[in-house]
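What follows is a single structure, written as structure tokens, with notes after it.
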Amino acid sequence: MEKEKVLNFLNKYDYNYSEQNNTIFVKLELAQQVIIEFNDPNKIIIKDKLIGWNFLTGMIEIILAPYKFRVIF
């Protein structure tokens, strides 16, 4: 299956996705993400991943740097 066919399918069924080079990131419900890689022309690699959610980082953005702690609202 070609990348354009996958994009047409995702658009047809109104999936939330983003593209980066030869990779498509599909965001699903319940913090699940599917990653579709088109790097090799002979095969497509499909991975899934659960995106962790933390109470603090879900509400505000926290940047941790060496010897610094900043909270951005």
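The values are calculated or read from the model by the stated rules, or taken from the named source; none is laboratory data. All values derive from a computational prediction rather than experimental measurement. As a convention, Cβ positions derive from the backbone with ideal geometry for all residues, glycine included, and neighbour counts pool all protein chains shown. Just so you know, the surface numbers come from the protein's heavy atoms only, side chains and all, with ligands and any DNA or RNA stripped out. Shrake-Rupley method; radii C 1.70, N 1.55, O 1.52, S 1.80 Å.
Considering only residues in the stretch 39-71 that are farther than 22 Å from LEU7 by Cα and either touching a Lys or Arg at 6+ places or on another chain (Cβ under 6 Å) or open to solvent by less than 70 Å² (accessible area, probe 1.4 Å) (or both), the one that is modelled with the highest pLDDT turns out to be GLY58. Looking for something open to solvent by 100 Å² or more (accessible area, probe 1.4 Å) and either assigned to a loop (DSSP other than H, G, I, E, B) or modelled with pLDDT of 90 or more (or both) - is there at least one such residue anywhere in the stretch 31-38? No. Taking the criterion of being more than 12 Å from the chain's Cα centre (by Cα) and open to solvent by 100 Å² or more (accessible area, probe 1.4 Å), the residues of the stretch 9-28 that qualify are PHE9, LYS12, TYR13, ASP14, ASN21.
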